[in-house]
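Read through the structure below, which is laid out as structure tokens, and then see the notes.
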Amino acid sequence: MWGGRFAEGPSAVMREINASIPFDKRLWRQDIAASKAHVAMLGAQKIVGMDDVHAIRDGLDRIAAEYEANGVAEDLALEDIHMHVESRLKELIGPPAGRLHTARSRNDQVATDFRLWVRDAIDAVDAGLLAFQRALLARAEEHADTVMPGFTHLQVAQPVTLGHHLMAYVEMIRRDRSRFADARARMNESPLGAAALAGTSFPLDRQATAAALGFDRPMANSLDAVSDRDFALDYLMAAAGCALHLSRLAEEFIIWASQPFGFVALPDAYSTGSSIMPQKRNPDAAELVRGHSGRITGCLTSLMMTMKGLPLAYSKDMQDDKPPVFEAHDLLALSIAAMTGMVETAAFRPDRMRAAAAAGFSTATDLADWLVRAANVPFREAHEITGKAVRAAEEKGCFLWELDLALLQAIDPRIDASVFDVLSVEASVGSRTSFGGTAPSGVRARIADARAALGDSA
């Protein structure tokens, strides 16, 4: 492979540290696709004769069939997927195989293959996230009226509905999908034809190869084309943000499934038992999703540190660009699938949620708002009056709506019996009709909006 420059082959250690085939074999589909586009262009430009072009294309198709059936047989001496394909091509068709690498370097070859792979990975992630959104929407509609506590500082704050809570994650995933889409649009330029770093003297048609591979255009600078790994970092940044959202929902499922909460029972399919405590149902799938977020974020950090000080153009450090992307993609795909399954099959417990929503004086803000609306009390004064009412209920060991009207009027004479219309948790959630609020009518409207945005029928 290295031609006549070296009198001796590499040492065993050098072969092992230099070889990337154990991980870059995942690029074989992209490598063959890019090679077919490249050789077709070489033929169209009369750089390579058409007989050789046909032989090369037929050989590449045979290699693709072999890899599809049996996988890639690794040979460290051949270093990477590019040389594995080229070596096998030579075995199949002989000398014409040597023409495939005309006007191409492994530098632009791997940059092209890797972009194609990341583009495919984004499409796969987006499909998974779309299914996750639909699962969330289905459960949100089912529980648009199910009252649960809304928390701040993990303390009961105001009542909301479970549907409203789940719709928050629909919004998060919408933004995640937009970040992946942005990354895909930005990366959709072709490095092929940049060669090693300076371009080539052959009369290439880079627009043709870009179009054949589904890229919008060829990259405008050959140095940038072989050096850039922004596209991989963009993917990892979007993956890390998405993983954090999945981790937050996983954490909530873990808390909700604990006995003190009891808001949800996770199915057997996403739980495990204990080797010593027969009663245990552990939310291991959710815990692993939570853990994967740390690993995915670590993958992002790993590639940033690899790229931070590299001069143009290509350095061998960049061989380490693919393992963190591959790892993050696998973990993210698994996390999305696990959370989708949990959302679809979780058994929510409205009775426990409603009881918890009633605790902690969660309708105190409704009392303050009533004083502002009905009695024209400035909000800061209403806040103080409500605090006194909460203290009174706390001392009596009752809910706000169980206080005597006389006691409330002793706190402030402007309070009348109509206040009890707003103090139940159902009245509270029903009153939150501002756009994006938790009122069931609003939740159903946002579900309809989300479905329309996804192209789903109501």
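Stretching residue 153 away from residue 372 to a fully extended chain increases their span by 76.2 nm, per 0.36 nm per residue minus the current alpha-carbon distance.
How many percent of all Cα-Cα pairs in region 357-454 sit more than 20 Å apart? The proportion of pairs with Cα distances above 20 Å equals 41 percent. The calculated FRET efficiency for residue 404 paired with residue 384, based on their beta-carbon distance and R0 = 22 Å, is about 0.60.
Between the beta carbons of residue 244 and residue 73, assuming R0 = 45 Å, the FRET efficiency works out to 0.70 to the nearest 0.05.
The calculated FRET efficiency for residue 317 paired with residue 269, based on their beta-carbon distance and R0 = 56 Å, is about 0.85.
The charge dipole of region 305-458, taken about its Cα centre with unit charges on the Cβ of Lys, Arg, Asp and Glu (plus for the first two, minus for the last two), comes to roughly 160 debye.
Please state the relative contact order of the chain as a whole percent: Cα pairs under 8 Å, 6+ residues apart? Reported as a whole number, the value is 16 percent. Were the residues from residue 355 through residue 216 laid out at 0.36 nm apart, the gain over their Cα-Cα distance would be 44.5 nm.
For the chain, the normalised intensity computed at q = 0.10, 0.11, 0.13, 0.14 Å⁻¹ comes to -0.84, -0.93, -1.13, -1.23 (log10 of I(q)/I(0), Debye sum over alpha carbons, equal scatterers, no solvent).
Note on region 1-121: along the principal axes its Cα atoms extend 42, 39, 25 Å, ordered by decreasing extent.
Rg and Dmax, both from the Cα atoms of region 87-179 and both in Å, are 24.9, 75.
With contacts taken as Cα pairs under 8 Å and at least 6 residues apart, region 180-246 reaches a relative contact order of 40 percent. Count charges around residue 72 for me, please; just the other residues with Cβ under 11 Å from its Cβ, Lys/Arg as +1, Asp/Glu as -1. Charge balance in the 11 Å sphere: -3.
The distance between label points at residue 44 and residue 427 comes to 7.3 nm (points 7 Å beyond Cα on the Cα→Cβ vector).
Subtracting the Cα-Cα distance of residue 182 and residue 310 from their residue separation scaled by 0.36 nm leaves 43.5 nm.
Computed from Cα atoms, the angle from the helix 322-345 axis to the main principal axis of the chain rounds to 40 degrees.
Each peptide in 219-226, 266-273, 252-259 receives the mean, over its residues, of other Cβ atoms within 10 Å, and ordering these scores from highest gives 219-226, 252-259, 266-273. Please report how far the C-alpha centroid of region 192-220 lies from that of region 120-188, rounded to the nearest whole angstrom. Distance between centres, Cα-based: 39 Å. The angle separating the long axis of helix 106-142 from the principal Cα axis of greatest extent in the chain is about 20 degrees. Computed over region 304-416, relative contact order equals 17 percent, with contacts defined as Cα pairs under 8 Å that lie 6+ residues apart. Taking a straight line from the alpha carbon of residue 396, these lysines sit under 21 Å away, with near neighbours fewer than eight places off in the same chain left out: 388. Heavy-atom accessible surface of residue 388, to the nearest 10 Å², is about 80 Å², with a 1.4 Å probe and all protein chains retained. Relative to the dominant Cα principal axis of the chain, helix 50-70 is inclined by about 50°. Here residue 383 sits with roughly 100 square angstrom of accessible surface, probe radius 1.4 Å.
Computed from label points 7 Å out along Cα-Cβ, the spacing between residue 448 and residue 61 is 5.3 nm. Put 261, 180 in order of accessible area, highest first, and with a 1.4 Å probe you get 261, 180.
The values are calculated or read from the model by the stated rules, or taken from the named source; none is laboratory data. Bear in mind the structure is a predicted one, so any value in this text is a computation, not a measurement. Counting neighbours? That spans all protein chains shown, and the Cβs are built from the backbone with ideal geometry, glycine included. These area figures cover heavy atoms from the full protein model, side chains too; ligands, DNA and RNA do not enter into them. Shrake-Rupley method; radii C 1.70, N 1.55, O 1.52, S 1.80 Å.
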